[in-house]
Each structure stands twice: as structure tokens, then as C-alpha cells.
Amino acid sequence: MMIVMKPEATEDQIGDVVARVSSTGCSAHVSTGEVLTVIGAIGDREKVQALGLEGAAGVDHLVPILKPYKLASSQFRKGEPSVFEVDDVRVGGDDFALIAGPCTVESREQTLEIAHCVSEAGAAMLRGGAYKPRTSPYSFQGLGVEGLRLLQEAKEETGLPIVTELMDVRDVEDVAEVADVIQVGARNMQNYNLLTEIGRTNRAVLLKRGLSATLEELLMAAEYVLKEGNERVMLCERGIRTHETAYRFTLDLLAIPALKEMSHLPVIVDPSHATGRRDWVRPMSMAAAAAGADGIIVEVHNEPEAAICDGPQALPTEGFADFVAQLRAVADVAGKELAATA
Ligand code: PEP
Ligand code: MN
């Protein structure tokens, strides 16, 4: 913590702040400039904060030096990005992870057909919701345990690791049994009990940014998972709410380099939920790859017009291989390799 003194602060006032900082067991380093004096408090930040130095005589303002997120911060790994494995898929570093699949698991036929298509096209993981966070309580809420069973079958057939959402702590065991990656949806980003519980599993996590969350709030949410000992967390930018109404959400592409500067965790982009329209999914996918994302998560459907949810944003299975070919080329330009087609 840096304590910036007012230009007119007296020697006594400076001495008083130094004494109060020292009384906490922290050390105080005084730096006297031409105009003002700054005191660096080294040690337990919370103890210094508890002194309530804002408003003390001669004190102008306090500047925290360390970020409130610790385990998620890039400082924690001294600037080295995290690279980890999900099954045998490498996430982070020079790898680009393509996660693809339906919005929701609807039926055995639908799930397996899409799983085979995305697997053959070169996807690294299969997405699909068994528990769906729907705006309306009257909309389809997901197949639940039956949906998880179908995802398990798709994994057995294709070998693709499964990414699926957990919405309720009561389902954590069922979901963790099938999921290789537990998805935390945008609406649950600040469900701290859920985050803590997921932190206690040994499953990797895809943590989506809340609809109006700042990057710092996203990293604080990641901190809840990390502090339980679960280190395999991917951050996901999926569009945020802004004043713009011409599209569903604003895909915050700048979050990619910004998060990579703030944190060591891999960054995945979801262009499907950000745009809500399939014709915008392709340009935003390419933009995400060009901006250095560690992967994307996209919705794919064998019959988009008949999809139970999010049909308008689903890429059709037909032509998906062509989308992947373009994505591979763009990722390559950004210095990343999309896993080779099996
Ligand atoms: C989803 O990925 O299925 C989903 C509902 O996304 P989000 O939480 O980002 O809205
Ligand atoms: Mn969806």
C-alpha cells in the first residue's frame, strides 16, 4: 500500500503515519519528493487498511499496490501464462482450443450427430447443456441427469472431453461425474457458494463473465475457485450489456489482451451468446482468434431451425468443417495451433 501525503503535510504528520504503520508490524518506507512525500507500507495490506488512514491528518490518498485477486493475478506466476490439460487437450500457451456443440442436449440422435460432426471437423471438446439457465421459467430447462448420460455416451463415442454447465450446488456430484470441464454460466459468475463448491472438485472450470461484470469482478470470481485448490480455470468472455441495442451483447474483444495482462489464466471467447446470430458468429470467432484468445466455444446444431434453444446462433453441422479451416488459419497467424483433425 502506498500512502500519498498532502504537499503541505508536516514532519509530525509524516512521523505519525510511519508510527501507525509500524505498529501493525508492517514496515514503512518514506520517499521524500520535491513536492510531496509518499510512504510505502510493506506487509499485511489488511492490517494497514484497518488503520483507516484515509482522512488522517496530512494524508491525501492511499494507492493499493497489489491487486485484490492474488492467485488469479499474472504476478502470482511471475508473468508466465498457465497451461494445463483437460484429458489430453492442452489449454493455453500455443494451443487454441475449439469447444463446439449444441446449446442444449435435446436427444440421443441430435447429441451424437453433432458430437461426431464437431469431432471430425477438429473440435477439441464437446459442449452441451443438461441444465439450462433460461430467462423464462416456462422455457425448456434442460434434460438434467438424462442429458448428462447422453453427453457421457457422446464422449465414449468420440473421445471428446465434455464441457457442461452446473447451475446448482445440489447437482455438483452428478455433473462432475460426466464433465471434464464444469461451466459456470454468466448468470452464476457471482454465485460464490457455487464457485467454492466447484473449486473443491477436480474438474477444470470454464468461468463465464457476468453480463455486467468488470474484468476485476471476473478475476475475483476465479479467485473463489482457485483458493480451494482447483487451478484449472479458463476465463470466458461472452459479451456484456452496454447501451448498444443493435445486437444482443457487446463482445468485449479487448478483454482478451487485458485479461492476459492481468491474469495468467487462459481466455476463451464465446461468440455465439455474444452475438445471438449465426452470421455474426464467424467474424467474431475470427476476431477472437486474431486477438490471441486461447480458444472459442461455439454452438453447433444439426437442424438449427428446429433447435429447442438458441437456434438462430447455431452454426449448422453442414459447413462446420469450412468454418474450422478458416479458424485454424487465423489462429495460426496469431501464433496458435488448433489441434489437428483426428
Ligand atoms: C451457455 O453457454 O449455454 C450459456 C447459457 O451461456 P451464458 O451463461 O454465457 O449465457
Ligand atoms: Mn445457448
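The values are calculated or read from the model by the stated rules, or taken from the named source; none is laboratory data. A quick note: this is a predicted structure, and the numbers were derived from the prediction, not measured. Here Cβ is always computed from backbone atoms with ideal geometry, including for glycine, and neighbour counts include all displayed protein chains. Accessible surface areas use protein heavy atoms only, side chains included; no ligands, DNA or RNA. Shrake-Rupley method; radii C 1.70, N 1.55, O 1.52, S 1.80 Å.
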*For the stretch 270-283, how many residues meet the condition of being within 14 Å of ligand 1 (Cβ to nearest atom) and either in a helix (DSSP H, G or I) or of a type in the set (A, V, I, L, M) (or both)?*
6
*Give me the pairs, please: first residue somewhere in the stretch 1-13 and farther than 12 Å from Gly33 by Cβ, second residue anywhere and among the aromatic types (Phe, Trp, Tyr), beta-carbon distance under 7 Å, and either six or more positions apart or on two chains.*
none
*Only one of Val59, Val38, Val105 is farther than 20 Å from Leu215 by Cα, touching a residue at least 12 places away in the same chain (Cβ under 8 Å) and assigned by TED's automatic domain parsing to the domain that holds Ala130; which?*
Val105
*Take the residues of the stretch 64-119 that are among the small types (Gly, Ala, Ser) and assigned to a helix (DSSP H, G or I): which is nearest to ligand 1 (Cβ to nearest atom)?*
Ala115
*Given (1) open to solvent by 20 Å² or more (accessible area, probe 1.4 Å); (2) modelled with pLDDT of 95 or more; (3) under 25 Å from Glu237 (Cβ atoms), where does Ala124 come up short, assuming only one miss?*
(1)
*Is there a residue being part of a loop (DSSP other than H, G, I, E, B), hydroxyl-bearing (Ser, Thr, Tyr) and open to solvent by 40 Å² or more (accessible area, probe 1.4 Å) anywhere in the stretch 200-209?*
no
_in contact (Cβ under 8 Å) with a residue 12 or more places away in the chain and within 16 Å of ligand 2 (Cβ to nearest atom): is that true of Arg232 in this structure?_
no
*Only one of these conditions is not met by Leu51: (1) within 16 Å of ligand 1 (Cβ to nearest atom); (2) in contact with a helix residue (DSSP H, G or I) (Cβ under 8 Å, 6 or more places away or on another chain). Which number is it?*
(1)
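Here is a yes/no grid of residues against (1) over 20 Å from Lys208 (Cβ atoms); (2) in contact (Cβ under 8 Å) with a residue 24 or more places away in the chain; (3) not aliphatic (A, V, I, L, M):
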{"site": "Leu259", "(1), (2), (3)": "no, yes, no"}
{"site": "Pro266", "(1), (2), (3)": "no, yes, yes"}
{"site": "Asp270", "(1), (2), (3)": "no, yes, yes"}
{"site": "Ala274", "(1), (2), (3)": "no, yes, no"}
{"site": "Asp279", "(1), (2), (3)": "yes, no, yes"}
{"site": "Asp294", "(1), (2), (3)": "no, yes, yes"}
{"site": "Pro312", "(1), (2), (3)": "no, yes, yes"}
{"site": "Leu315", "(1), (2), (3)": "no, yes, no"}
{"site": "Gln326", "(1), (2), (3)": "yes, yes, yes"}
*Pick from the stretch 231-255 the residues that are within 16 Å of ligand 1 (Cβ to nearest atom) and out of contact with any helix residue (DSSP H, G or I) (no Cβ under 7 Å at 6 or more places or on another chain): which of them is most open to solvent (accessible area, probe 1.4 Å)?*
Arg241
*What number of residues within the stretch 91-120 satisfy the criterion of being open to solvent by less than 10 Å² (accessible area, probe 1.4 Å) and small (Gly, Ala, Ser)?*
5
*Of the numbered conditions (1) over 30 Å from Glu305 (Cα atoms); (2) in contact with a strand residue (DSSP E or B) (Cβ under 6 Å, 6 or more places away or on another chain), Leu51 satisfies every one except a single condition; which is it?*
(2)
